[in-house]
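Here the structure comes first, spelled out in structure tokens, and everything after it is commentary.
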Amino acid sequence: MNRQRLRRIVQNITLLFGSLIFSLIVIEIGFRVLDPTPFFSDSEINNTEHGNLSVYDDALGWKGVPNGEAEFVTRNNRVWLSHNRHGFRDIEHDPRSDEKPAIVFLGDSFTWGYEVEFDEMFVNRLRDRLPRYEIFNLAHRGYGTDQALLTFNRWDNRRPLGLVVLMFSENDVWDNNSAFSSDKPKPKYQLHNNKLILTGLPVPKDESWMRASDVEATPDSWKVTFKHLFYSSHFINNMRIRYKLFRERRHLDLTQDNTKQQEFTPDYMLTSRILEELRNEVMRRGSRLVVVFIPSKREIDELDDSVPYQTIIAGFCENLGVEYVDLAPDLKKAFFRTYYRQGMHWNAHGHKVAAEALSDYLEKEVIP
């Protein structure tokens, strides 16, 4: 083989590998921009709660720790969480400033800002869009509609109440029908002679509340360190997650029995009566209630053909004369992903889309 031919082969190989590396870099940049998927090892993940962000409450089951703060690491993100002096993931409101009417948000982990930074939360994005109002976020992770009602009953503020917004999630119906949520005891409403009766008080104090969570990350082994280095590529980690979700979905399809299994059917009428009680309390305070439906990830990502839960709850709202809005159309037409690939929650872009949709709706349809 002559030297000129050898040089040409080397140049072709170099060009091939150079093009391959360049393509991988472009793909990696694309994933980090369009579909960021960071990797967190099991030793890093820290769903800290007891003693750090939530504390036992004999009437609510649990509530936010006043001035609580902690680093929060999940499968999807690493964020810093902090509460105000009342235990809400909210700003500190000046009690002397009561000129602006209040808009109160009630809800669960979506409204609490699970897996996103404080400035990325849709509630906080709305502050700049609705400057004439003082926006309060009274949500906490794991709350059902019943705990949202109890939280609002406890909330006391002198300023005029402009609006109350209940962020409704699919799992709220199940939470309302259970004396346990997020593996913790909670109060539960029951219907007796068509009247709401609150049961389970005082809420039993679970043993897990006796000790604080260990928030310190454990050292990684060399295998985990290598795995972390390998999956530090958002592209590779994204492909890993897609394959994992594909196998889980395929396994469910293969193991699903054709016979109709007995499943727990929640009492929707109980949720309807809780909504009615919340509406009555809001009206008693001279304000209006608006229900905002948070669609399930299954609906937005078209993971199955199940009927959206909103159809049932919307009927209750119409019977009660309560205004409602569904965020599904806005989330469906979003170009970027709005839900994390793992879990059920919105990413930062999902919160942005929700804030824009809510701002448009509130300004045009609700707020005078």
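Tell me, yes or no, whether segment 68-81 has at least one residue that is in contact with a His (Cβ under 6 Å, 6 or more places away or on another chain), assigned to a loop (DSSP other than H, G, I, E, B), under 29 Å from residue 124 (Cβ atoms) and free of Cβ contacts under 8 Å to residues at least 60 places away in the same chain. Reasoning before the result, please.
From segment 68-81, those in contact with a His (Cβ under 6 Å, 6 or more places away or on another chain) are 68; that's our starting set.
Add one more test, that the residue is assigned to a loop (DSSP other than H, G, I, E, B), and what stays is 68.
Restricting the remaining residues to those that are under 29 Å from residue 124 (Cβ atoms) gives 68.
Next cut, free of Cβ contacts under 8 Å to residues at least 60 places away in the same chain only: 68.
Checking segment 68-81: at least one residue is in contact with a His (Cβ under 6 Å, 6 or more places away or on another chain), assigned to a loop (DSSP other than H, G, I, E, B), under 29 Å from residue 124 (Cβ atoms) and free of Cβ contacts under 8 Å to residues at least 60 places away in the same chain.
If you go through segment 91-123 one residue at a time, how many are outside any loop (DSSP other than H, G, I, E, B) and loosely packed, with under 15 Cβ neighbours inside 10 Å? Let's see the steps before the verdict.
At the first step, the residues of segment 91-123 found to be outside any loop (DSSP other than H, G, I, E, B) are 102-106, 109-112, 118-120, 122-123.
Those left that are additionally loosely packed, with under 15 Cβ neighbours inside 10 Å: 119.
Looking only at that region, the number is 1.
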Residues satisfying the stated conditions in segment 218-254, i.e. surrounded by 15 or more Cβ atoms within 10 Å (Cβ to Cβ) and at pLDDT below 75: 220, 224
Checklist (1) modelled with pLDDT under 95; (2) touching a Phe, Trp or Tyr at 6+ places or on another chain (Cβ under 6 Å) applied to residue 317, failing item: (1)
All helices (runs of 4 or more DSSP H) inside segment 285-349 with 2 or more residues being surrounded by fewer than 18 Cβ atoms within 10 Å (Cβ to Cβ): 310-320, 328-332
Residue identified as within 26 Å of residue 152 (Cβ to Cβ), charged (D, E, K, R) and touching a strand residue (DSSP E or B) at 6+ places or on another chain (Cβ under 6 Å) among 323, 356, 281, 363: 323
Test: residue in segment 256-279 that is modelled with pLDDT of 95 or more, in contact with a Leu (Cβ under 9 Å, 6 or more places away or on another chain), buried (at least 19 other Cβ atoms within 10 Å of the Cβ) and assigned to a loop (DSSP other than H, G, I, E, B): no
Selected residue (criterion: nearest to residue 312 (Cα to Cα)) from residues of segment 146-185 that are assigned to a loop (DSSP other than H, G, I, E, B) and within 18 Å of the chain's Cα centre (by Cα): 170
Output for segment 290-307, where each listed residue is within 16 Å of residue 339 (Cβ to Cβ), of a type in the set (A, V, I, L, M, F, W, C) and touching a residue at least 60 places away in the same chain (Cβ under 8 Å): 293, 294
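Might you let me know whether segment 148-159 holds any residue that is surrounded by 15 or more Cβ atoms within 10 Å (Cβ to Cβ), farther than 20 Å from residue 53 by Cα and at pLDDT below 95?
The initial filter retains those residues of segment 148-159 that are surrounded by 15 or more Cβ atoms within 10 Å (Cβ to Cβ), namely 148-152, 155, 159.
Add one more test, that the residue is farther than 20 Å from residue 53 by Cα, and what stays is 149, 159.
Adding the requirement that they be at pLDDT below 95 leaves 159.
Yes: one or more hits.
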Odd one out for residue 88 among (1) surrounded by fewer than 15 Cβ atoms within 10 Å (Cβ to Cβ); (2) hydrophobic (A, V, I, L, M, F, W, C); (3) in a loop (DSSP other than H, G, I, E, B): (1)
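Does residue 76 count as modelled with pLDDT under 90 and among the polar types (S, T, N, Q)?
On the way: modelled with pLDDT under 90: no; among the polar types (S, T, N, Q): yes.
Considered against the rule, which asks whether it is modelled with pLDDT under 90 and among the polar types (S, T, N, Q), residue 76 comes out as no.
The values are calculated or read from the model by the stated rules, or taken from the named source; none is laboratory data. Here the structure is a predicted model, which means the values were calculated and not measured. Glycine also receives a Cβ, built like all others from the backbone with ideal geometry; neighbour counts cover every protein chain displayed.
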